[in-house]
Amino acid sequence: MSKLEKVFITGATGFLGSHLVDCLTKRGAAVSVLVRGQPDRIARGRPRLRVVRGDLSHPFLLSEASTVFHLAAISHVGRALENPLQTFETNTSGTLTVLEAIRRSSSVEKLIFVSSAHVYGKPQYVPIDEEHPLRAQEPYAASKLAAEAFVSAYSSAYGIPIAIARLFNTYGPRQHPDFVIPSIIKSALTQDCLTRS
């Protein structure tokens, strides 16, 4: 069986997660999604899409999934600065909830954890590579770095195959307009004139 035939996704109603759901369901995968609120960003009428109601603050079961994509997080740095405790609970403790569900599962073969380039902090050199020092400089980065540590520890202790993706500035349709690239594009489109120094 292909590892992408039966997939479980957290953060499926978010910017990246909703596109991942689109891609995998179009490929014919059976996709289960953990959803706290309304699944408004997930296209309806997909026969192999199953919505599981819940959130990362409560244990849940993984049924028959072979691959788990863990994208759920507070990803807005400003919101994380305003509420570091909620950020830790969602991004770090929530990751532990996912890891425990995987540990109890007999079907999961791989976890893909979506982290952030924020874990590198201010670049010591460019281009940044995987050997770059890790220096979290705000609560969002610290929560992701702590979550990465737990993902790696569970992989070592329980033999869970993992992949950690440290994403840089992603952008595209459905992204919140407050993020850096959409805000730059909006400024460029709405500015009356460009000034030269």
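The values are calculated or read from the model by the stated rules, or taken from the named source; none is laboratory data. Bear in mind that the values here come from a model prediction, so they are computed numbers and not experimental data. Each accessible area value is taken on the protein alone, full model and side chains, heavy atoms only, with ligands, DNA and RNA left out. Shrake-Rupley method; radii C 1.70, N 1.55, O 1.52, S 1.80 Å.
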When the Kirkwood radius is taken over all Cα pairs of segment 1-126, what Stokes-Einstein diffusion coefficient follows at 37 °C and 0.692 mPa s, in µm²/s? 215 µm²/s
Mind checking the per residue accessible area of segment 27-109 for me, 1.4 Å probe, whole number of Å²? 54 Å²
Semi-axes in Å, largest first, for segment 42-108 (Cα gyration tensor, √(5λ)) are 25, 17, 9
If I compute solvent accessible area with a 1.4 Å probe over the protein chains, what percent of it on segment 1-151 is carbon and sulfur? 53 percent
